[in-house]
C-alpha cells in the first residue's frame, strides 16, 4: 500500500482516496448511506436492559479492585516513591535484593506456578513470605540478632535504599540465599 493513500472497501467496489484530496460529498456512492445510517443509529440512546449477571460481575470486580487497592495502600511497603534504587556491585546481589524488595522469591512464589498450596513455616505454621522470613519468624531470631544487632527491625531497615550490610550473610546463615 502506498503511503498517503487509504483503501475503502465497499460491498461491490474499492475506491482509492488520496488523503491530501477531499471529496466534498459522498452522496450517490453505494454503501456510504448505509454506513452513515448505521453510525447514526449507534449514537441513539437505546434503553435496553443490562443482564443481571453482567451487573453482578461488574459490581464484584469493582468491589474486589477497590478492596485490593485499599489493602495495597495500607500495606507497610519498603518504598512508596517510584524512582531508581542504587545498584549493587554484582547482578546476582542486585537480583536477590530486588526479589526481596518486591516480595517475590522462587521459594515464596513457586507454588503459584505449580498450582500447589503456599509453603508454610515449619516452626510457626504460617505462610512463608519475605516479611515472615526476614522479620517475623522466631526460628531465625537468634541469627537475626547476631546479624542485625536487634530483634526489632523492619523491612525498611534491611531493604531500603542502602540494604543492611549483613543482609546477604543472614540469608546464607538461615539457608535462604539460594532460594531467593
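The values are calculated or read from the model by the stated rules, or taken from the named source; none is laboratory data. Just so you know, these numbers come straight off a predicted model, no measurement behind them. Every residue, glycine as well, gets a Cβ built from its backbone with ideal geometry; the counts of neighbours run over all protein chains shown.
A few comments on the model shown:
- Search result, residues across region 103-127 that are surrounded by 12 or more Cβ atoms within 10 Å (Cβ to Cβ) and under 21 Å from the mean Cα position of the chain (by Cα): 103, 104, 105, 107, 108, 109, 110, 111, 118
- Residue match in region 95-118 (condition: at pLDDT 90 or above, more than 21 Å from residue 170 (Cα to Cα) and in contact with a helix residue (DSSP H, G or I) (Cβ under 7 Å, 6 or more places away or on another chain)): yes
- Among the residues listed as 152, 137, 147, 124, the single one being more than 15 Å from residue 179 (Cα to Cα) and in contact (Cβ under 8 Å) with a residue 24 or more places away in the chain: 147
- Annotation note: Cβ proximity below 6 Å between a residue of region 96-116 that is free of Cβ contacts under 8 Å to residues at least 40 places away in the same chain and a residue that is part of a helix (DSSP H, G or I) and surrounded by 13 or more Cβ atoms within 10 Å (Cβ to Cβ) (sequence gap 6+ or interchain) occurs for 103/130.
- Among the conditions (1) exposed (fewer than 11 other Cβ atoms within 10 Å of the Cβ); (2) more than 22 Å from the chain's Cα centre (by Cα); (3) at pLDDT below 90, the only one that residue 90 does not satisfy is (3).
- Among the numbered conditions (1) part of a helix (DSSP H, G or I); (2) in contact with a helix residue (DSSP H, G or I) (Cβ under 6 Å, 6 or more places away or on another chain), the only one that residue 123 does not meet is (1).
- Test: residue 162 is under 23 Å from residue 85 (Cα atoms), without any contact (Cβ under 8 Å) to a residue 24 or more places away in the chain and out of contact with any strand residue (DSSP E or B) (no Cβ under 7 Å at 6 or more places or on another chain): no
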